[in-house]
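*Asks:* Sharing a structure, written as structure tokens. Questions coming.
The values are calculated or read from the model by the stated rules, or taken from the named source; none is laboratory data. Just so we're clear, the structure is a prediction, and the values are computed from it rather than from any experiment. Here the Cβ positions follow ideal geometry from the backbone for every residue, glycine too, while neighbour counts run over all protein chains shown. Accessible surface is based on the protein model in full, side chains and every heavy atom, while ligands, DNA and RNA are left aside. Shrake-Rupley method; radii C 1.70, N 1.55, O 1.52, S 1.80 Å.
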Amino acid sequence: MAEEARRHGAVPVPNPDYPEGMFSSIRTGVLALEELDLRGAVLLPVDVPLVKPRTVAALLDRFREEGEDSWDAWIPTFQGLRGHPPLLSRRLFGPLVGYRGEGGLRALMVQRGDRVREVPVADRGVLRDMDTPEAYGEVRGLLAREGVPDREECEALLALEGTPERVVRHAREVCRVALALGRALRDRMPLDLELLQAGALLHDLAKGQPRHEAQGARRLRRLGYRDLAALVGSHKDLPSRTRTPEAELLYLADKLVDGERLSTLEARMERMRQRFREDPEAWKAARTRIRRAKGIQERVEALLRRDVGEVAS
């Protein structure tokens, strides 16, 4: 293990007191850090391997913004639950090394109380450890899906971005419709339903900003979600270079949902005509989008031999 650590550029620190439990390893590591010129340290247990790099970056951003003396520790939370890794200010090093109470680091954090800052993140990985062979197998399976946030992570991301509630309700209905169509079609074409779900929930992540589809895609790329960013970036106009089955179903579902309810393309066309009657260019663009959606709808109905409204209801 020490050799593998060195190969990756890390410095292994042996813990002679390991029989005392995990907190003795934390204490040993922090003792080694005290000799270095550090303002703080991120403590990541080896059995919590799915924490996303952006979560560590979010902790570091808060640390830099708020200052090392403002809090003793910054702890990521997901759905209100504290997880790993905590970022410890140097001012906590001494109390941690000297702590001899029950409960280890968790108890110390409770003891510090109002000196601990919680940082909400859209990362379920902060809560997921692997203490058993079964949990290890589950984590290995989840690793293959790291590029797609699950439903709860999408909801958390919408909340962190401050997406308006009415936009979130629209996104949930678009997601419901898109998944209904996707499940009906998955035996007839290759479909990634998890990617489709995430794209539907996050397609209006940046709604209200200029070119919101591009802004949302840019935000998701920064978070490491490349495939999802491409899906979100194409939901408004569906450029030919990004025409995947998931992109087409998201595009159709978005046009079928008017506000928070399922509608029809014909009704959307009429609504757009009324809305843009004083703006010929906007009306032309809206008409093109609805007609493009109509073409997708016709292909879907031909495959299913059913009306999309019936499938999505």
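*Asks:* Among the residues of the stretch 300-313, what is the count of those that are touching a residue at least 40 places away in the same chain (Cβ under 8 Å) and part of a helix (DSSP H, G or I)?
*Replies:* Selection size over the stretch 300-313: 7.
*Asks:* Quick check on R273: is it at pLDDT 95 or above, surrounded by fewer than 15 Cβ atoms within 10 Å (Cβ to Cβ), assigned to a helix (DSSP H, G or I) and out of contact with any Phe, Trp or Tyr (no Cβ under 6 Å at 6 or more places or on another chain)?
*Replies:* no
*Asks:* Scan the stretch 34-44 and give yes if some residue there is within 28 Å of the chain's Cα centre (by Cα) and open to solvent by 50 Å² or more (accessible area, probe 1.4 Å), otherwise no.
*Replies:* yes
*Asks:* Can you tell me which residue among G113, G101, G141 is surrounded by fewer than 18 Cβ atoms within 10 Å (Cβ to Cβ) and within 27 Å of L250 (Cβ to Cβ)?
*Replies:* The match here is G141.
*Asks:* Exposed (fewer than 13 other Cβ atoms within 10 Å of the Cβ) and part of a loop (DSSP other than H, G, I, E, B): does that describe E146?
*Replies:* yes
*Asks:* Return the residue satisfying two criteria in turn: it lies in the stretch 65-116 and is β-branched (V, I, T) and in a helix (DSSP H, G or I), and of such residues it is nearest to V48 (Cα to Cα).
*Replies:* That would be V110.
*Asks:* Return a yes/no flag: does the stretch 159-178 have any residue that is touching a helix residue (DSSP H, G or I) at 6+ places or on another chain (Cβ under 6 Å), over 30 Å from D47 (Cβ atoms), surrounded by fewer than 13 Cβ atoms within 10 Å (Cβ to Cβ) and free of Cβ contacts under 8 Å to residues at least 24 places away in the same chain.
*Replies:* No, the conditions are met nowhere in the stretch 159-178.
*Asks:* I've got another one for you. Quick one: which of G216, G199, G224 is free of Cβ contacts under 8 Å to residues at least 40 places away in the same chain and under 14 Å from the mean Cα position of the chain (by Cα)?
*Replies:* G216
*Asks:* Right, next: Every residue in the stretch 157-182 that is assigned to a helix (DSSP H, G or I) and over 30 Å from L303 (Cα atoms), please.
*Replies:* Hits for the stretch 157-182 are L157, L158, A159, L160, E161, E165, R166, V167, V168.
*Asks:* I'm checking my understanding of the structure. Among residues of the stretch 224-242 that are assigned to a loop (DSSP other than H, G, I, E, B) and farther than 21 Å from A285 by Cβ, which one is least open to solvent (accessible area, probe 1.4 Å)?
*Replies:* Of everything passing the filter in the stretch 224-242, Y225 is least open to solvent (accessible area, probe 1.4 Å).
*Asks:* Please verify whether A10 is open to solvent by less than 60 Å² (accessible area, probe 1.4 Å) and not in a loop (DSSP other than H, G, I, E, B), treating the condition exactly as stated.
*Replies:* Against the criterion (open to solvent by less than 60 Å² (accessible area, probe 1.4 Å) and not in a loop (DSSP other than H, G, I, E, B)), A10 does not qualify.
*Asks:* Can we say D258 is without any contact (Cβ under 8 Å) to a residue 24 or more places away in the chain, more than 24 Å from T163 (Cα to Cα) and out of contact with any strand residue (DSSP E or B) (no Cβ under 7 Å at 6 or more places or on another chain)?
*Replies:* No: the conditions fail for D258.
*Asks:* Shifting gears a bit: Considering only the stretch 13-28, state which residues are of a type outside the set (S, T, Y) and either under 31 Å from the mean Cα position of the chain (by Cα) or open to solvent by 60 Å² or more (accessible area, probe 1.4 Å) (or both).
*Replies:* Scanning the stretch 13-28 gives V13, P14, P16, D17, P19, E20, M22, F23, I26.
*Asks:* Right, another one. If you go through the stretch 276-286 one residue at a time, how many are part of a helix (DSSP H, G or I) and open to solvent by less than 60 Å² (accessible area, probe 1.4 Å)?
*Replies:* 4
*Asks:* So how many residues does the stretch 117-141 have that are in a helix (DSSP H, G or I), in contact (Cβ under 8 Å) with a residue 24 or more places away in the chain and farther than 11 Å from P49 by Cα?
*Replies:* Count: 1.
*Asks:* A follow-up question, please. Checking the condition under 23 Å from S24 (Cα atoms), in contact with a Leu (Cβ under 6 Å, 6 or more places away or on another chain) and not β-branched (V, I, T), which residue from P95, P86, P49, P45 passes?
*Replies:* Exactly one of P95, P86, P49, P45 is under 23 Å from S24 (Cα atoms), in contact with a Leu (Cβ under 6 Å, 6 or more places away or on another chain) and not β-branched (V, I, T), namely P86.
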